[in-house]
Amino acid sequence: LLPKYESTTHLYVGTLPDADHSFVHELAKKLRNKGINVALDFSDKKAGDKVKTAVKQSIPYLLLIGKEERATNTFRVKDLRTEVEGKVSADDISGLIRRGVRWLFAAAHSRVYSFSYAQDRIRHRNPK
């Protein structure tokens with residue numbers, strides 16, 4: 001009966017045990033300056049637990065950062081709604097998410113419209 005929760009966070013960034021925290025903070029700062037809402041997780045949880053956390057919070061994109069990602073400056077971003085994963089550079093992350101987020105908000109808006117339309121129809125059938 002409740003509408004589906006839509007997170008305002010666009011990207012969940014989790015660190016692997018070998019990650020450089022200052023690098024992760026800098027990347028998050030760059031993404032936030034480009035308008036991407038970023039949640040950071042520096043906990044010692046396993047990667048699978050971090051994925052579960054992002055899914056539970058309805059965050060559409062996931063990025064896990066370790067030593068390898070910092071060395072190559074290439075990141076694997078996963079769309080948690082479609083389970084599609086791709087490698088992108090740091091500069092391409094914001095563009096990828098902006099395109100996806102625009103689609104996400106358009107879909108959310110149409111759901112809200114159809115929900116309110118259904119409520120109006122119920123009200124007209126059963127006036128108080």
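The values are calculated or read from the model by the stated rules, or taken from the named source; none is laboratory data. The structure presented is a predicted model; accordingly, all values stated were derived computationally and were not measured. Neighbour counts run over all protein chains shown; Cβ positions are idealised from the backbone, glycine included. Quick note on the areas: whole protein, heavy atoms, side chains included, nothing else; ligands and nucleic acids left out. Shrake-Rupley method; radii C 1.70, N 1.55, O 1.52, S 1.80 Å.
Of everything listed in (1) over 18 Å from Ser22 (Cα atoms); (2) among the polar types (S, T, N, Q); (3) in contact (Cβ under 8 Å) with a residue 12 or more places away in the chain; (4) open to solvent by 40 Å² or more (accessible area, probe 1.4 Å), the single unmet condition for Thr82 is (3).
For Thr9, the criteria (1) under 13 Å from the mean Cα position of the chain (by Cα); (2) surrounded by fewer than 15 Cβ atoms within 10 Å (Cβ to Cβ) hold in every case but one, which is (2).
I'd like to check something: does region 49-71 contain any residue that is assigned to a loop (DSSP other than H, G, I, E, B), loosely packed, with under 12 Cβ neighbours inside 10 Å and in contact (Cβ under 8 Å) with a residue 12 or more places away in the chain? Within region 49-71 (the criterion being assigned to a loop (DSSP other than H, G, I, E, B), loosely packed, with under 12 Cβ neighbours inside 10 Å and in contact (Cβ under 8 Å) with a residue 12 or more places away in the chain), the answer is no, since none of the residues qualifies. Taken as a whole, the condition of being in contact with a Leu (Cβ under 9 Å, 6 or more places away or on another chain), open to solvent by less than 30 Å² (accessible area, probe 1.4 Å), at pLDDT 90 or above and not aromatic (Phe, Trp, Tyr) does not apply to Ile93.
Taking the conditions exactly as written (open to solvent by 40 Å² or more (accessible area, probe 1.4 Å) and touching a residue at least 60 places away in the same chain (Cβ under 8 Å)), does Pro17 satisfy them or not? It is false that Pro17 is open to solvent by 40 Å² or more (accessible area, probe 1.4 Å) and touching a residue at least 60 places away in the same chain (Cβ under 8 Å).
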